[in-house]
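Here the structure is laid out as structure tokens; the discussion comes afterwards.
The values are calculated or read from the model by the stated rules, or taken from the named source; none is laboratory data. These numbers come from a predicted model, not from an experiment. FYI the Cβ positions are ideal-geometry reconstructions off the backbone, even for glycines, and counts take in every protein chain you see. To get the accessible areas, we keep the full protein, side chains included, count just its heavy atoms, and leave off ligands, DNA and RNA. Shrake-Rupley method; radii C 1.70, N 1.55, O 1.52, S 1.80 Å.
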Amino acid sequence: MKVLVIGGGGREHALAWKLAQSPKVQRVYVAPGNGGTALDPALRNVPLTDIGALADFAVAEKIVLTIVGPEAPLAAGVVDLFRAHGLRIFGPTRAAAQLESSKAFAKDFMQRHGIPTALYASFTDAAAAHDHVNRHGAPIVIKADGLAAGKGVVVAMTADEAHAAIDFMLDGKTGARVVIEDFMVGEEASFIVVSDGQRVLPLATSQDHKRIGDGDTGPNTGGMGAYSPAPVVTPNVHARAMHEIVLPTIAGMAADGQPFSGFLYAGLMIDAAGNPRVVEFNARLGDPEAQVLLMRLKSDLFDVLMAATATGDQPTLDSIELQWDRRIALGVVMAAHGYPGAVRNGDAIGGLPAPTEDAIVFHAGTERRADGTLVTSGGRVLCVTALGDSVKAAQQRAYAALAPIHFEGGQHRSDIGHRGLQPR
Ligand code: GLY
């Protein structure tokens, strides 16, 4: 059978790599893919991004299942379009993807359904937003309403930073909106589940590192590294996240007439007492969370996603019990010169180690040129992912695999997994 993965980042490389391991899958297309998916003989890149062209390709190639990686095609309605063509696709509809594409929609939804999250207010008027900050003070969180590749959130530690973020997000932009939230204290974790709109299958837990710098300093990024499982998600926190957040969200979306099928990613803040609250929802797998989760997943991902899109009397998610590698997976992102600001493309990449059973380099912003050279072509370039018996062992293995890799201006954090090393 043929499958199609939409997207071209590290998450999509990991999805395609994992799907290609299924004995039921003969071919994995990746659209548009990247330099890493181009190099892998098990995968085939397709230079398409337009959702109409993707649907035509899926019909022509008799694609059995399409998996959507990033948020932009979801927000553009790729799932609705594929379904209108009678094509099987895993991901939320445009309406359901608003849980990610509109922060105001998500906050409204959580308030109506009693899902724990920070108090908030939303503004289109900059003066009113500034006034709100003046009344509440800092720290305070400013979020752009709309997709921003993980960079539309400013955790302002001072009122000046908050005012600057409001000006940046609202200034002169027609229809722009900001959501301003109370600052939540605690430790973050990524809680991602597979849903068919009704049933829920939780994946293993993970933890991202959103700031560019060591010690969680500097501006936010799409994620500079991750590891799985996240120790902060104890069995008690897990049960509460399921019962207080994930199950009411899936039930609430169905009750509102917008059933959510796809990967639902709840970014959680867990306080010292173990109370989980939602920082944000994403309508997709996280990146780089996907790389560490898929490295640990032992079950056949194709079977899981076929069950999540089952029709008639086909086996549903109830029939699946996920198997995980008991080891820790840890991934370190190598980013391009300038990231998370304006990045430089075209730097030659060298020193990539061959994949082993316990260390793989997933590509993101890479391009394989016609002459066979590999160059940078995006902000996050690679995610070096390794398995180990402890966080320390996985960390050592990932950084050892990263050591020979070089490209001009490359940057990475040297402390991925640091919270997993702390005594609890
Ligand atoms: N790593 C955070 C995200 O995928 O949004």
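Under the condition of being touching a Phe, Trp or Tyr at 6+ places or on another chain (Cβ under 8 Å) and not in a loop (DSSP other than H, G, I, E, B), which residue from segment 198-225 is farthest from the ligand (Cβ to nearest atom)?
Across segment 198-225, the extreme among qualifying residues is PRO202.
Counting only residues that are part of a loop (DSSP other than H, G, I, E, B) and either at pLDDT below 90 or under 20 Å from the mean Cα position of the chain (by Cα) (or both), how many does segment 138-162 have?
8
Residue by residue through segment 321-352, note down the ones that are in a strand (DSSP E or B), farther than 10 Å from ARG380 by Cα and among the small types (Gly, Ala, Ser).
Selection gives ALA329, GLY331, ALA348, GLY350.
Does LEU81 fit the bill of being more than 21 Å from GLY365 (Cβ to Cβ), open to solvent by 30 Å² or more (accessible area, probe 1.4 Å), part of a helix (DSSP H, G or I) and not small (Gly, Ala, Ser)?
When the stated conditions are applied, LEU81 passes them.
If only one of ALA165, ALA189 is at pLDDT 95 or above and open to solvent by less than 30 Å² (accessible area, probe 1.4 Å), which one is it?
Result of the check over ALA165, ALA189: ALA189.
In segment 43-71, which residue that is surrounded by fewer than 18 Cβ atoms within 10 Å (Cβ to Cβ) and among the small types (Gly, Ala, Ser) is farthest from PHE260 (Cα to Cα)?
So, considering only residues that are surrounded by fewer than 18 Cβ atoms within 10 Å (Cβ to Cβ) and among the small types (Gly, Ala, Ser), the one farthest from PHE260 (Cα to Cα) is ALA60.
Which members of segment 4-37 meet the condition of being more than 16 Å from VAL78 (Cβ to Cβ) and open to solvent by 40 Å² or more (accessible area, probe 1.4 Å)?
Hits for segment 4-37 are TRP17, GLN21, PRO23, LYS24, GLN26, ARG27.
Can you name the residue in segment 201-218 that is in contact (Cβ under 8 Å) with a residue 12 or more places away in the chain and over 18 Å from the mean Cα position of the chain (by Cα) and, of all such residues, is most open to solvent (accessible area, probe 1.4 Å)?
Residue satisfying both the conditions and the ranking: ASP214.
How many of the residues making up segment 256-285 are more than 16 Å from the ligand (Cβ to nearest atom), touching a residue at least 60 places away in the same chain (Cβ under 8 Å) and open to solvent by 10 Å² or more (accessible area, probe 1.4 Å)?
Final tally of qualifying residues: 8.
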